[in-house]
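The structure under discussion appears below in the form of structure tokens.
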């Protein structure tokens, strides 16, 4: 069998397959992970195309891509590679599970070809993001979005600086419910900030 063509559908599957459990709980979780892996890819390869080509806008729960949502639905409806399970009950999340056999896995392009990242870098970051809570991912992606996409905000490791206070205040203004996870999220966000 030939190597699968490089496109965003294959990238979604590769990212999910990289996660130890092969499962993500929640649409918001999936959206934030794809956004952050895209930023990681841009950071590691500033001269080349980003790992994902989805455009993200800022909505109620942070960054969101309508095209990504459509692609995930397509993968679950039209292929056997991804299953999308609807929530059971009021408070359970959507569940996404990747179903890739060994033969298909061998046909995947490498992480380097798909994302410009070594397998170990993709593995470490995808698994770290998969373990994070939805609230943490919402905070991390908001920090990264402001620092990477919005003029006037800058990520700095100096937590007593004006830049830090400005970014923190904006995140808390937009998302007051993430204030309790801000400090830990800020440390994780450094891996995804481009500037």
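All of the numbers you see were taken from the coordinates with simple rules; none came from a lab. All values derive from a computational prediction rather than experimental measurement. Using ideal geometry, Cβ is built from the backbone for each residue, glycine included, and neighbour counts are taken over all protein chains shown.
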With Cα springs under 10 Å, the Gaussian network model of the chain assigns the largest mean-square fluctuation among 143, 100, 42 to 100
So, with points 7 Å from each Cα along the Cβ direction, the residue 105-residue 127 label distance in nm works out to 1.3 nm
Using alpha-carbon positions, the gyration tensor of region 13-58 gives root eigenvalues a ≥ b ≥ c; with a/c under 1.5 called rounded, otherwise prolate if a/b exceeds b/c, else oblate, the class is oblate
Relative contact order in percent for region 123-195 (Cα pairs under 8 Å, 6+ apart) equals 40 percent
The Cα radius of gyration of region 1-111, divided by 2.2 N^0.38 Å with N its residue count, comes to 1.08
Which of 147, 130, 69 fluctuates most in a GNM of the chain (C-alpha springs under 10 Å)? That residue is 69
Of the candidate values (i) 0.97; (ii) 1.00; (iii) 0.93, the one computed for Rg/Rh (Cα atoms, Kirkwood Rh) from this structure is (i)
A student applying the Cα gyration tensor rule (rounded when a/c is under 1.5; otherwise prolate if a/b is larger than b/c, oblate if not) would label region 132-192 rounded
Debye calc, one equal point scatterer per Cα of region 64-125, no solvent, log10 I(q)/I(0) at q = 0.12, 0.20 1/Å comes to -0.43, -1.04
Between the modelled labels at residue 95 and residue 184 (7 Å from Cα along Cα→Cβ) the distance in nm is 2.4 nm
If one compares the long axis through the Cα atoms of helix 27-44 with the longest principal axis of the Cα atoms of the chain, the angle in degrees, nearest 10, works out at 80 degrees
Contact order relative to length for the chain, counting C-alpha pairs under 8 Å separated by 6 or more residues, stands in percent at 27 percent
From DSSP H assignment alone, runs of 4+ in the chain each adding -39500 (n - 2.57), the sum over residues rounded to the nearest 500 puts [θ] at 222 nm at -16000 deg cm²/dmol
